1. Can you pull the one-decimal nm distance between simple spin-label points at Glu28 and Thr61, each 7 Å off the Cα toward Cβ?
2. Can you sort Val113, Val164 by 1.4 Å-probe accessible area, starting with the largest?
3. List the residues whose amide H sits under 5 Å from the amide H of Gln83, counting only those 5 or more places along or on another chain, with H placed 1.01 Å from N in the peptide plane.
4. Take the cross-link list Lys4/Lys67; Lys52/Lys194; Lys5/Lys52 and give me the ones stretching past 19 Å between alpha-carbons.
5. Stretch Ile85-Gln179 to full length: gain in nm at 0.36 nm per residue minus the Cα-Cα span?
6. Per the Cauchy relation, a quarter of the hull surface: what is the mean projected area of the convex hull of the alpha carbons in segment 4-133, in nm²?
7. Please list 67-75, 124-132 highest first by mean number of surrounding beta-carbon atoms within 10 Å per residue.
8. Compute the distance in nm between two label points, each set 7 Å from the Cα along the Cα-to-Cβ direction, one at Arg108 and one at Thr75.
Amino acid sequence: MDYKKLIIRGISYSQTQMGAYALILEQEETGIKLPVVIGNYEAQSISLGLEKDIQPPRPLTHDLFSKFITTVGYTLESIIIYQIIDGVFFSNLILKNDQNEKLILDARTSDAVAMAVRFDAPIYTTDEVLTEAGIMLELSDNDDKTEYKAEDEEETPVIKGYEVYTLEEIQEMLEKAVQEEDFDTALELQQEIKKRKKNID
């Protein structure tokens, strides 16, 4: 089957479901975006996997499962979002070991993406899924959401509300947020630090 590669375009607060987030995946060639509604925990886990710089004091579930996969001699080769039924996406984890033996595991799409970012594994989908659920969507910044961009994008998201603090104060706030496992705040603070360092450079 001819699969289409997706990149993570961003994570934003869902405009349709309270307490949920929208994970935006994009097919680069066409610009078609695939919005997937995910929970708060999964949004945090995906964002932390993308950031790499923030290490929680204790491993999250996806970190634990990633460690287990590597410990038993496998790696995550890719994930495939292979169908959508009644608005629910279905995905597979494609695992491979040194003997080139493959193992396919069914997974929620949010969990699959959280695993993919930890292994830097590609994300694929089918033409059928893109046709049924894909949309042409322009993402814009606003004050009510934080957008986490893929690593290959140059633009750094602007985080509101931290302009009054010094860089040292923000770094102290970041350490405290990580200790308290407030990862939403930690990610915002990390982005603010990156923005300021980029401006200095």
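1. Placing both labels 7 Å along Cα→Cβ, they lie 3.1 nm apart.
2. Reading off the accessible areas and sorting them downward yields Val164, Val113.
3. HN-HN under 5 Å from Gln83: Phe90.
4. Working: Lys4/Lys67 28 Å; Lys52/Lys194 13 Å; Lys5/Lys52 22 Å.
With Cα atoms farther than 19 Å apart: Lys4/Lys67; Lys5/Lys52.
5. Numbers: separation 94, 0.36 × 94 = 33.84 nm, distance 3.98 nm.
Between Ile85 and Gln179, full extension yields 29.9 nm more.
6. Details: hull surface 34.0 nm².
Orientation-averaged projected area of the Cα hull: 8.5 nm².
7. Working: 67-75: 12.8, 124-132: 17.1.
Ranked by mean Cβ neighbours within 10 Å, highest first: 124-132, 67-75.
8. Rounded to a tenth, the inter-label distance reads 2.8 nm.
The values are calculated or read from the model by the stated rules, or taken from the named source; none is laboratory data. Fair warning: this is a prediction, and the values are worked out from it, not measured in the lab. Cβ: placed from backbone, ideal geometry, glycine included. Neighbour counts: every protein chain shown. When the accessible area is computed, the model is the full protein with side chains, heavy atoms only, and any ligands, DNA or RNA have been set aside. Shrake-Rupley method; radii C 1.70, N 1.55, O 1.52, S 1.80 Å.
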